[in-house]
Amino acid sequence: INYAPGNFNNFLRPQSTPNLKFNWINDSTNAILMSLTSGGNLGLGKTNPSLTFEVVGTSTITSNSFVGGDFSVSGSITGSSLNVTGTTTLNSTRINASVGIFANSPNYTLQIGDSLNSLGTSGTGVGISSSGNVVASGIITASKFVGIGSDLTLLNPSNISSGTISNI
């Protein structure tokens, strides 16, 4: 404790049994704003925190944040971008925007590869539009292409490295 003038010159002792915690209370409403348990758990808007740090209510982080373990979300994530590195599992995820895998500014609803332009005429990658159209640039390997005539555009014997073109 620093005993210099103007500093906090007392020590805090938690409430007695059974609570054993510090509460910060709004003087005019007697509402508990923050609780610190004797076990070191801190609750903001939570009177009996069972985890190291619990926040009930809306919070804002105006700079970077680091999570060194698992990150779980119950509800939704809203923002202009979400950058994920490492191994990630997304279960039942609805994304209301374009998704780019190795694409910083995707031109398609789902785009793999950063250099694929909006027409699919240059660069390499695969793009899938919201209507289900697939645009691919680069080498495509498949055991079978199925489509009706003009649906398989630019497919001709000169650009097939093996196999044949035939009407089904």
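At a glance:
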read-out	value
From the options G45, G100, residue that is at positive phi and surrounded by 10 or more Cβ atoms within 10 Å (Cβ to Cβ)	G45
Residue under evaluation T85, criteria (1) on the phi < 0 side of the Ramachandran plot; (2) at pLDDT 85 or above, criterion not met	(2)
Some residue of the range 56-72 being part of a strand (DSSP E or B), modelled with pLDDT of 80 or more, aliphatic (A, V, I, L, M) and more than 30 Å from A103 (Cα to Cα)	no
When residues of the range 129-138 are limited to those that are assigned to a loop (DSSP other than H, G, I, E, B) and open to solvent by less than 60 Å² (accessible area, probe 1.4 Å), the one modelled with the highest pLDDT	S129
Residues (assigned to a loop (DSSP other than H, G, I, E, B), surrounded by 15 or more Cβ atoms within 10 Å (Cβ to Cβ) and modelled with pLDDT of 80 or more) located in the range 103-128	A103, P106, N107, Y108, T109, G113
Count of the range 25-55 residues which are outside any strand (DSSP E or B) and over 20 Å from V67 (Cα atoms)	12
Test set (1) under 15 Å from the mean Cα position of the chain (by Cα); (2) open to solvent by 80 Å² or more (accessible area, probe 1.4 Å) - T141 fails condition number	(1)
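The values are calculated or read from the model by the stated rules, or taken from the named source; none is laboratory data. Quick caveat, the model's predicted, so the values are computed rather than measured. In this analysis, Cβ positions are derived from the backbone assuming ideal geometry, glycine residues included, and neighbour counts consider all displayed protein chains. Remember, those area values only see protein heavy atoms, side chains included, never the ligands or the DNA or RNA. Shrake-Rupley method; radii C 1.70, N 1.55, O 1.52, S 1.80 Å.
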